[in-house]
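A.B. asks: Below is one structure. I have some questions about it.
The values are calculated or read from the model by the stated rules, or taken from the named source; none is laboratory data. Note that the coordinates shown come from a computational prediction; the quantities given were computed from them, not determined experimentally. All Cβ positions, glycine included, derive from the backbone under ideal geometry; neighbour counts span all protein chains shown.
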Ligand SMILES: Cc1cc2nc3c(=O)[nH]c(=O)nc-3n(C[C@H](O)[C@H](O)[C@H](O)COP(=O)(O)OP(=O)(O)OC[C@H]3O[C@@H](n4cnc5c(N)ncnc54)[C@H](O)[C@@H]3O)c2cc1C
């Protein structure tokens, strides 16, 4: 039975076990919900479909988007305020939930300290170069659009990407190891190989348990306080992608996540009367830097026209590429700023001795690229970009032959992505109906819920795990309080 329909408690013949709180899935969100619920005195049972801890959090770099004066920010003399962080996130969010963003910013320092207290290590290093993820174990990095126009005008730019102390990528595994240790110390109980398929509701319609399968055996577990859905997103469910998130469904985009990112939690929440929101939202990207010298190049579409300040956060830049006619985009460089992209998501198309020949080689309208470059170069020589406001750090006339074009088009360049939409939840993690009522006993957090991140253009690295852990904690505290 995988239709996700909610089962009536009265039809359950045998309950296998009971707990105060059931947490479905043990990633960033589930671990934090479990820890907080257990710390508040609740008996907590985690049901995890995998045979161990292996969710998408384990695949992650380990960035958390945090600010407002965290220890690493202060150690580096960075002056950040709740207000600047709030203004930045609001400016980058299509439909910002002001209450949630404010909570997230006001309690960001507390959340950082809580992570540290629960064993998640961060040093005070600051990787100052432009990179999609620091190759070192340094903590801080510019991980969003803070320095890019127009956001640089809307909030004081401050670095807020905090990476767990781990060299290079895959710091998410370290995060999960530490959060698992914290959960074990609090006697959180685990059942692995437990695929939750349905919620159970009582006669009042309150969520009172779940059904799961364990190597084909059906089991029911009762939840006295409630159930926290924390089972990840839906990047691996092609039919859901086609229905809700066509950009990510495109065969030219590699879906990122673990195999269990099949949208089960969202579907169970929907079946219980919940409502899904921002489901079209996805982080889709194909970073072309490092080398950062490539940021001095310009992106043009099939009309030979620029369309974005190229120094934006890579997901904003690449989302803009996808939005061009037929998803066609080229990065144009000259000999002075050329370098091969380190992660090789873009191929070098070719190099030409002059712009007119390049224009022909790329099949661009006659004169279009020549005009675009003439305008760009004239302004860049004065350290200006009046059209798209690229920062002067990256402005340099492209005048040294040969000229190269890197392929950034959808279907030609390697794009990767994961989902951002999910169940509508309150700031306490309660799953909400379309009418805005809380479904009693049902919570959601992490990639199966919608809290802060809504689209790729406004995304900053670290927002997903930042909000998964933060709102996971809030859900855990609320469900444990029995106030549902
Ligand atoms: C390569 C990569 C790098 C990333 N790097 C970052 C980063 O550095 N910073 C950042 O903020 N975000 C990052 N993200 C996004 C981020 O990792 C995820 O959004 C986040 O980890 C989701 O956490 P979660 O707890 O919701 O899900 P998960 O960590 O996936 O945990 C969900 C768990 O639920 C289990 N589960 C699924 N279905 C069921 C079921 N039916 N019953 C029981 N259990 C179930 C799964 O097995 C899984 O263990 C990255 C994503 C990818 C793919």
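A.B. asks: As an exercise: evaluate residue 396 against (1) surrounded by fewer than 17 Cβ atoms within 10 Å (Cβ to Cβ); (2) in contact with a helix residue (DSSP H, G or I) (Cβ under 6 Å, 6 or more places away or on another chain) and give the number of the one condition it does not meet.
C.D. replies: So residue 396 meets the others, but not (1).
A.B. asks: Would you mind finding the one in 164, 158, 90 that is crowded, with 17+ Cβ neighbours inside 10 Å, without any contact (Cβ under 8 Å) to a residue 24 or more places away in the chain and closer than 27 Å to residue 288 by Cα?
C.D. replies: 90
Conditions (1) in contact with a helix residue (DSSP H, G or I) (Cβ under 6 Å, 6 or more places away or on another chain); (2) assigned to a strand (DSSP E or B), marked per residue:
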residue	(1), (2)
166	yes, no
169	no, no
173	yes, no
179	yes, no
183	yes, no
211	no, yes
219	no, yes
224	no, yes
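A.B. asks: Just to be sure, is residue 259 more than 9 Å from the ligand (Cβ to nearest atom) and either modelled with pLDDT of 95 or more or in contact with a helix residue (DSSP H, G or I) (Cβ under 6 Å, 6 or more places away or on another chain) (or both)?
C.D. replies: No, not satisfied.
A.B. asks: Using the structure shown, decide if residue 65 is in contact (Cβ under 8 Å) with a residue 40 or more places away in the chain and over 30 Å from residue 128 (Cα atoms).
C.D. replies: No: the conditions fail for residue 65.
A.B. asks: A further question follows. From the list 222, 271, which one is surrounded by fewer than 21 Cβ atoms within 10 Å (Cβ to Cβ), in the same structural domain as residue 198 (by TED's automatic domain parsing) and away from the ligand (no atom under 16 Å from the Cβ)?
C.D. replies: One residue alone meets the criteria, 222.
A.B. asks: Among the candidates 295, 283, single out the residue that is touching a residue at least 60 places away in the same chain (Cβ under 8 Å), assigned to a strand (DSSP E or B) and under 21 Å from residue 131 (Cα atoms).
C.D. replies: 283
A.B. asks: If residue 108 satisfies every condition in (1) at negative phi; (2) in contact with a helix residue (DSSP H, G or I) (Cβ under 8 Å, 6 or more places away or on another chain); (3) within 15 Å of the ligand (Cβ to nearest atom); (4) in the same structural domain as residue 452 (by TED's automatic domain parsing) but one, which is the exception?
C.D. replies: For residue 108, the failing item is (4).
A.B. asks: For region 431-446, give me each residue that is within 16 Å of the ligand (Cβ to nearest atom) and either over 25 Å from the mean Cα position of the chain (by Cα) or within 11 Å of residue 205 (Cα to Cα) (or both).
C.D. replies: Residue satisfying the conditions is 442 alone.
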